[in-house]
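Input: a single structure, listed below in structure tokens.
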Amino acid sequence: MKIKEIINQEINDGKKQNFLKSIYILYFSPKKRAVFIFRIAQELYKRGFKKISRLTINRLVTLFGTHISLTAEIGTNIEFRHINGVVIGDGVKIGNNVIIYQQVTLGGKNVGDKLTGNYPIIEDNVIIFSGAKIIGNVNIGKNSIVGTNSVVIKDVPPNSTVAGIPATIIKSNI
């Protein structure tokens, strides 16, 4: 993917705009800047520039206190409402149109989960509120909501709202 395509897709929400306007949005929108940095670093990683990609992704740590693995699969239109403290592990798969708030952790359950693929899968149109932890081989269904400070260790069916420690279904719109 070219930088212009990344800018049009992530910064301008798929619309072609003036380059200066894109830079203006990038400069004044930390959530857009974070996604842009991730996309550039991941593209460098895919092309074999491993050291430069790691240096680039480390900007997320220094700027926002956020870590997103270069091997995570993240769909389009992801939105970080508050980017601070978000952690996304190696094997995480995130669908399209997902909203993630601050201090969310998406990761494996044990050391070495990268080799076993024991990571969460977040489907399309999911909202994950602040402080939520989604741990292990968990599938969050389409159009679901994960409540604030919830700890999700079991699958969440589509069109559901979960909350609590451990998270339980509090609303289901099936």
Modelled FRET efficiency - R0 35 Å, Lys142 with Asn110, Cβ distances, 0.05 increments: 0.80
Can you give me the Cα centroid spacing of the range 95-174 and the range 36-90 in angstrom? 19
Translational D (Stokes-Einstein, µm²/s) of the range 65-174 at 37 °C and 0.692 mPa s when Rh comes from the Kirkwood sum over C-alpha pairs? 246
Take every Cα pair under 8 Å in the range 65-174 that's 6+ residues apart, average their separations, divide by the length, and report that relative contact order as a whole percent. 17
Find the relative contact order for the range 117-174 and round it to a whole percent, using C-alpha pairs within less than 8 Å whose residues are 6+ positions apart. 27
How high is the relative contact order of the range 28-106? Use alpha-carbon pairs under 8 Å, at least six apart in sequence, and give a whole percent. 26
Extension gain, Leu63 back to Lys154 (0.36 nm per residue minus Cα-Cα distance, nm): 29.5 nm
Rounded to the nearest 5, what is the percent of antiparallel bridges among the DSSP beta bridges in the range 65-174? 15
How much length is gained if the chain between Ser172 and Phe49 is pulled fully straight, taking 0.36 nm per residue apart and subtracting their Cα-Cα distance, in nm to one decimal? 39.8 nm
Dipole of the range 65-174 [Lys/Arg +1, Asp/Glu -1 at C-beta], most positive-end residue of Val111, Ile99, Ala132: Ala132
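Every number here is computed from the coordinates shown, using simple stated rules; none is lab data. None of these values were measured; they are calculated from a predicted model. Cβ coordinates were reconstructed from backbone atoms using ideal geometry, including for glycine residues, and neighbour counts include every protein chain displayed.
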